[in-house]
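The values are calculated or read from the model by the stated rules, or taken from the named source; none is laboratory data. Predicted, not measured: the structure shown is a model, and the values here were computed from it. Cβ coordinates were reconstructed from backbone atoms using ideal geometry, including for glycine residues, and neighbour counts include every protein chain displayed. For the accessible areas, the whole protein counts, side chains as well, though only heavy atoms, and no ligand, DNA or RNA atoms are used. Shrake-Rupley method; radii C 1.70, N 1.55, O 1.52, S 1.80 Å.
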Amino acid sequence: MLSVEGLKIEFGAKPLFSDATFVVNDHDRIALVGKNGAGKSTMLKILCGQQNPTAGTVSVANGAEVAYLPQVMKIQDDTTVKEEARKAFAGIISLQERVERLQQQLAERTDYESEEYLELVHRFSTEHDRYMMMGADSYEAQIERTLCGLGFSREDLDRPTSEFSGGWRMRIELAKLLLTRPDVLLLDEPTNHIDIDSIQWLERFLAQSAKAVVLVSHDRAFINNVCNRTLEISCGKVIDYRVKYDEYVKLREERREQQLRAYENQQKEIADIKDFIERFRYKPTKAVQVQSRIKQLEKIVPIEIDEVDRSSLHLKFPPCLRSGDYPVICEDVRKDYGSHTVFSEVNLTIKRGEKVAFVGRNGEGKSTLVKCIMGEIPFDGRLQIGHNIQIGYFAQNQAQLLDDSLTVYETIDRVATGDVRLRINDILGAFMFGGEASEKRVKVLSGGERSRLAMIRLLLQPVNLLILDEPTNHLDMPSKDVLKEAINAFDGTAIIVSHDREFLDGLVSKVYEFGKGRVREHLGGIYDYLRQAQAEAEEAQAPLTASPTAAPKTGASQLTPDSGPSAAQLSYQERKEQQKKRNRIEKAIKDCEASIARMEARVAELDQLLSLAENASDMELVHEYTTIQQQLNDEMDKWTQLSEQLEQMAF
């Protein structure tokens, strides 16, 4: 698919990386990892041809298509959501128009015996078969399925794109890329601003339908569920680990231990050589040996050790006043914007010391309720903030309140107290402000950098109610680990709005789900909630196992409680029915896979035949190819649906 040979990129005296050599094969799912600034985004730009390397080559297989989703891009605002997504099928739509024009010409002409008419029939047949071969009859359904999978409702599809925020418009661009079905898909932080449901849908799509994927992401759960290979950029080199991310972390630790041992041995060797040179430098009888040692010293290539993971840094919130027993109580809270009800009848009580998560699709009211708690917007109902509450609030707009005239170091130095002041550089390094970056003025920082700086300020202030709205959007994995550990050690209460499952796992003990104008409470962690939501979705889709016609024809029209099956019997019957359903799905998947294998083999044969000059105009072969290709697409869709059903049953 894509081959990289001897790649080198440099912006200054020291290259970002050099001599990078690897191959992206079909069905590779590659996670590109490394510390911020290592060159991950630069690598993606080089792979898609947007940036030229200093040295080396990137070769793309003949006919292979490479698609790239950057973190930030200019987005059109002159169409509806569906029309914008339809641009992914520009080739099919153009072909459809040609077919319709040819069909119109055939309808208007009456010279059925002329050579021109026969030529027109031949052109129409060829173009129509090509049109069908490209899956033209199903692209509208694909558009709708993809947009809905990424969180759009059917009502959203005809709305102008200008009505949506930047995060939603990035979803439209992602949908367009997925719909083109490229041979190599390059994704830079695709899960930013996407809710948990959409992330899980994207995981399934990439795992089941994408050809080859190279992605950069700080969402550990996402890359673990999608990727089967890890490319690390470290110490100016690209190291290929053909394992999932979690396994890579273990292998990387082993590699670093080996590097440390080798480095220590090398330092001992260098010390011994220098000691020999110093001892015998001025002895004529040892001149030859001394010169030999000097040359030996010059030839030694220093062993580099991978960057130290700073996640071992421990931060702790400063002590604060003890709050009341119930920091937040909501009773029948309601928020409307005009005729639109964001949520209503919100009743929740958050106890002191609890750490809870607000989850749900974007636009369902998570941030809105946070603003109600903060007193930033009016609402209906009763919302009570407890006694002695000191709120620490982080949201994206908090980053705009920083003093532009200060440096990064000065910003933190002004809020740090006690022993923390001695560790400011370590703290800044843990949040990607190490070295010269700490001397930058706040006014020159990017949006992501300002958000990280605002987060550090919050960590150093005495609060007893912590409210974090999407705190991990601009943090790398080590920084998220530092933040997670600090919140876990926090004695107060925390409300966290996040779509990062790995970050929430082991951190929260209660989940509040926002959706359809309601807020539901779920006890347990984030994965407990996800399993419950999956089970409820499956139950809603499953057909009723009991039929009214199956009731015995006795005098009573309804069964009394005593005459029905016991709870244990019902549970057994449900489990038995569930196992039967699972067996049917597994058998259907095996049948699909066998059918797909047969059709793919025949398509490959027809490809070979049609590539021969003498068969180029053989309409029977073209028709067979078109028919089998359509059947193959249908069978693949069926396999995807069955696999999703089986996956849902696993919860």
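With every protein chain kept in place and ligands, DNA and RNA left out, what is the accessible area per residue of the chain? Probe 1.4 Å, answer in Å². Please list the in-between numbers first.
Working: 34460 Å² over 651 residues.
That works out to 53 Å² for each residue.
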- Query: List the trypsin sites (Lys or Arg not before Pro) in region 33-106 that DSSP assigns to loop (not H, G, I, E or B) and whose Cβ has at most 14 other Cβ atoms within 10 Å. Which are they?
  - Reply: Lys74
- To the nearest 10 square angstrom, what accessible area does His340 show with a 1.4 Å probe? 100
- Inter-part distance where region 324-369 and region 236-298 are each reduced to a Cα centre, Å: 59
- Task: Please work out, to two decimal places, the log10 of the ratio I(q)/I(0) at q = 0.09, 0.10, 0.14 Å⁻¹ from a Debye calculation in which every Cα of region 51-201 carries one identical scatterer.
- Result: -0.42, -0.51, -0.81
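For region 212-368, report the % of Cα-Cα distances exceeding 25 Å. Mind dumping the intermediate values first?
Numbers: 8106 of 12246 pairs.
Considering region 212-368, 66 percent of its Cα-Cα pairs are separated by more than 25 Å.
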- Message: So if I place +1 on the C-beta of Lys and Arg and -1 on the C-beta of Asp and Glu, and nothing else carries charge, what would the dipole magnitude of region 436-488 be about its Cα centre? I want it in debye, nearest 20.
- Response: 220
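Please identify every one of the trypsin sites (Lys or Arg not before Pro) in region 483-527 that sits in a loop by DSSP and has no more than 16 other beta carbons within 10 Å of its own beta carbon. Mind dumping the intermediate values first?
On the way: sites: Lys484, Arg501, Lys510, Lys516, Arg518, Arg520; in loops: Lys516.
Hits after loop and neighbour filter: Lys516.
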- Query: Thr285: accessible area at probe 1.4 Å, nearest 10 Å²?
  - Reply: 120
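Rounded if a/c is under 1.5, else prolate if a/b is larger than b/c, else oblate: which is region 4-89, with a ≥ b ≥ c the root eigenvalues of its Cα gyration tensor? Could you put the intermediate results ahead of the total?
Details: a/c = 2.36, a/b = 1.65, b/c = 1.44.
In terms of gyration-tensor shape, prolate.
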- Task: Take every DSSP beta bridge with both residues inside the chain and express the antiparallel ones as a percent of the total, to the nearest 5.
- Result: 50
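Using just the helices of the chain, give the 222 nm mean residue ellipticity in deg cm²/dmol: DSSP H runs with n ≥ 4 each add -39,500 (n - 2.57), and the total is spread over all residues, rounded to 500.
Numbers: 19 runs with 289 residues, N = 651.
So the calculated ellipticity at 222 nm is -14500 deg cm²/dmol.
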- Query: How large is the convex hull of the Cα atoms of the chain per residue, expressed in Å³ as a whole number?
  - Reply: 276
- Charge dipole of the chain built from unit charges on the beta carbon (Lys, Arg +1; Asp, Glu -1), centred at mean Cα; most positive-end Cα among Ala399, Phe490, Tyr512 is Phe490
- Please name whichever of His218, Leu646, Leu460 sits farthest to the positive end of the charge dipole of the chain, dipole taken about the Cα centre and charges placed at Cβ: Lys and Arg +1, Asp and Glu -1. Leu460
- Item | Assigned charges on the beta-carbon of Lys, Arg, Asp, Glu; the chain dipole about Cα centre (debye) | 3020
- Quote to one decimal, in nm, the extra length available between Glu624 and Ser339 on full extension: 0.36 nm per residue of separation minus the C-alpha distance between them. 97.1 nm
- Query: Can you give the extra length, in nm with one decimal, that the chain gains between His122 and Glu140 once fully stretched, where that is 0.36 nm per residue apart less the Cα-Cα distance?
  - Reply: 3.7 nm
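Counting only protein heavy atoms and using a 1.4 Å probe, what share of the accessible area of the chain belongs to carbon plus sulfur, as a whole percent? Present the calculation step by step, with values, prior to reporting the outcome.
Working: 16820 of 34460 Å².
Solvent-exposed carbon and sulfur of the chain make up 49 percent of the total.
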- Item | In region 184-252, trypsin sites (Lys or Arg not before Pro) in a DSSP loop with at most 14 other beta-carbon atoms within 10 Å | Arg242
- Query: Viscosity 1.002 mPa s, temperature 20 °C: Stokes-Einstein D of region 119-267 from its Kirkwood Cα radius, in µm² per second?
  - Reply: 115
- Put +1 on the Cβ of every Lys and Arg and -1 on every Asp and Glu Cβ in region 1-95; which of Gln50, Phe22, Gln71 then has its Cα farthest towards the positive end of the dipole? Gln71
- Message: As a test of the definition: which semi-axes, in Å, follow for region 336-474 when you take the square root of five times each eigenvalue of its alpha carbon gyration tensor? Largest first, please.
- Response: 32, 18, 12
- Task: Report, largest value first, the span of the C-alpha coordinates of region 423-497 along each principal axis, in whole Å.
- Result: 35, 24, 23
- Show which lysines lie in cross-link reach of Lys87 when reach means a straight Cα distance below 18 angstrom and same-chain residues fewer than eight apart are skipped. Lys74, Lys176
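Only four residue types carry charge here, +1 at the Cβ of Lys and Arg and -1 at the Cβ of Asp and Glu. Report the dipole size of region 153-250 about the Cα centre in Debye, rounded to the nearest 20.
Details: 14 positive and 16 negative charges, 78 e Å.
My answer is approximately 380 debye.
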- Query: What FRET efficiency would be calculated for the residue pair Ala537, Glu100, taking the C-beta separation as r and a Förster radius of 30 Å, to the nearest 0.05?
  - Reply: 0.15
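Obtain the radius of gyration and the Kirkwood radius of region 336-415 from its C-alpha atoms and give Rg over Rh. Walk me through the numbers before you get to the answer.
On the way: Rg = 16.3 Å, Rh = 15.7 Å.
With Rg and the Kirkwood Rh in hand, the quotient comes to 1.04.
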- Query: Can you work out D for region 250-295 in µm² s⁻¹ from Stokes-Einstein, where Rh is the Kirkwood radius over C-alpha pairs, the temperature is 37 °C and the viscosity is 0.692 mPa s?
  - Reply: 268
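Which order do Leu428, Leu383 take by accessible area at a 1.4 Å probe, largest first? Let's see the in-between values first.
Numbers: Leu428 0, Leu383 35 Å².
Ranking Leu428, Leu383 by accessible area, largest first, yields Leu383, Leu428.
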